[in-house]
1. Suppose accessible area is computed on protein heavy atoms with a 1.4 Å probe; arrange Ile220, Ile447 from highest to lowest.
2. Give me the distance between the Cα centres of the stretch 345-396 and the stretch 41-73, rounded to whole Å.
3. Treating only the Cβ of Lys, Arg, Asp and Glu as charged (+1, +1, -1, -1), what charge dipole size does the stretch 48-170 show about its Cα centre? Round to the nearest 20 debye.
4. Report, by chain and number, residues whose modeled amide H sits under 5 Å from the one on Phe84, excluding near sequence neighbours (fewer than 5 apart, same chain).
5. Once you put a point 7 Å from the Cα of Asp392 and another 7 Å from the Cα of Thr177, both along the Cβ direction, what distance in nm separates them?
6. Run the quick spin-label model on Ser277 and Asp356: label points 7 Å from Cα toward the beta carbon, then report their separation in nm to one decimal.
7. Calculated FRET efficiency, Thr429 and Ala15, Cβ-Cβ r, R0 30 Å, to nearest 0.05?
8. Keeping every protein chain present and rolling a 1.4 Å probe, give me the accessible area per residue for the stretch 18-84 in Å².
Amino acid sequence: MLRRLASSTVARLIAAIFVLQVISGGAAIVLLRAKMLQVINSDRTRQIVDLRNDLLSAYYDGGYRELAAFVAERRGSAADPLIFVAVSGHGAPVLSHLAAVPKVAASERPVRVRAFHASGGPPSEALALASDLADGTHLVVGTLTTPDRRFDLAFAEALALVVVLTALLALAGALLTGLVVSRRAHAIAETAEALAAGNFSARVEGSGFGDGFDHLGNQINLMAERIDQLVSELQSVAGGLAHDLRSPVARLRAAIETAQASVTERAAAEALQLAQSDAEVLEAMLAAALELARLESGAMPDRRQQLDLLDLVTDLAELYEPLAEQSGVTLAASGQAAMILGDRELLSRALANLIDNALKYGGTAIAVRTVIDDGMVLLEVEDDGPGIADADRERAMVRFTRLDNARTRPGAGLGLATVAAIARLHGGTFELASGQDAGPGRGRGLIARLRLPRA
């Protein structure tokens, strides 16, 4: 379940949104840090250059003595404890906030160095600018960058907090987006499922935003309306044709019966008997076609009521038991009491069709049972005959379809289609399976299964 959820499109969409938002938030924080460090370094460089210029002015005004006094007295920005100055080249060096003269070559821009800020202490990271004066004086001006570490630590804490908040907000936004997308996609899928089940009145409700989902929903609605119109026309034509043919077929049977009463020749009588059998088959086909058209069009009256499906199974099994014994077939009924909301007459007709098929095409044993499975009631008719190939099961439930092993036997090819229509009318499904599909030890044969909702 979790693996299927994790591999779903919505889960991947949520993960993608979450990752992108976290990455964008982290990138924004890192860029902000880089800009802040750039501003800080620029300010430090300007501070060092300004102090160096002040020292050079003191040197040009009073020579080495004035320069040394400026450093020793820590005038101006030289009083800042993070700023250090070293003047060497004439005896003992003059130091300000330093324990030793750092080794810095003369340059036009500050460079990274390590300076001993306190005697006996560890070296500190610093930014320094060195100048060589005309009288051999070596001037070094710099500032400690040790606070950068504290800044980095504070920034790291802030970054972690921001990333956590961004992650939570991103996750919430991604979940909300996924929920909206999932709900609208499922709404469209449920409508498509209803259309596939034959409910052509189902429509996708639009949100009014005019987005891609609304466009897709509108196209599905247009498609459903067109399919509904075509199916209605087809059912009307099929039902009307079947109804119109009943009178000619009835007259044909009457004419055959009249002819049989007056014919004395054996060959003619046999021909008329064959014609009468074909007319009866044709009449049965037309009756079945009309019944199927009424079922699929929803024109049947609602006669559903609370009933125990096990009672129905028991009654039908007792009714067919003499016919099964006459055919040398064992018919057994079993199962659990299962209350459903159903039309007893239609369900009896569906079960009768399935038992008839099992008697025609099955083997020597038929089992009819009810099973309660995950809130649904299963009505199963199983036989031990040759069964139906996997590739032919869906086709066998299509109207007027007769498989190769059924072409030599009477029938219209509407029995399973009628059962499927009755199942849909009750909000259920109809399927065919083999004994091996049902579980180990079940043997060969066919299982015809109606899956109906419990009451």
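The values are calculated or read from the model by the stated rules, or taken from the named source; none is laboratory data. Only a predicted model underlies this, so the values are computations on that prediction, with no experimental measurement involved. Positions of Cβ are generated from backbone atoms using ideal geometry, with glycine treated the same way; all protein chains shown enter the neighbour counts. Heavy atoms of the whole protein, side chains included, go into the accessibility calculation; ligands, DNA and RNA do not. Shrake-Rupley method; radii C 1.70, N 1.55, O 1.52, S 1.80 Å.
1. Values: Ile220 25, Ile447 0 Å².
Largest to smallest exposure gives the sequence Ile220, Ile447.
2. Here the answer is 104 Å between Cα centres.
3. 280
4. Gly142, Thr143, Leu144
5. 5.3
6. Roughly 1.7 nm, to one decimal.
7. Numbers: r = 35 Å, r/R0 = 1.15.
Efficiency, rounded to the nearest 0.05: 0.30.
8. 59
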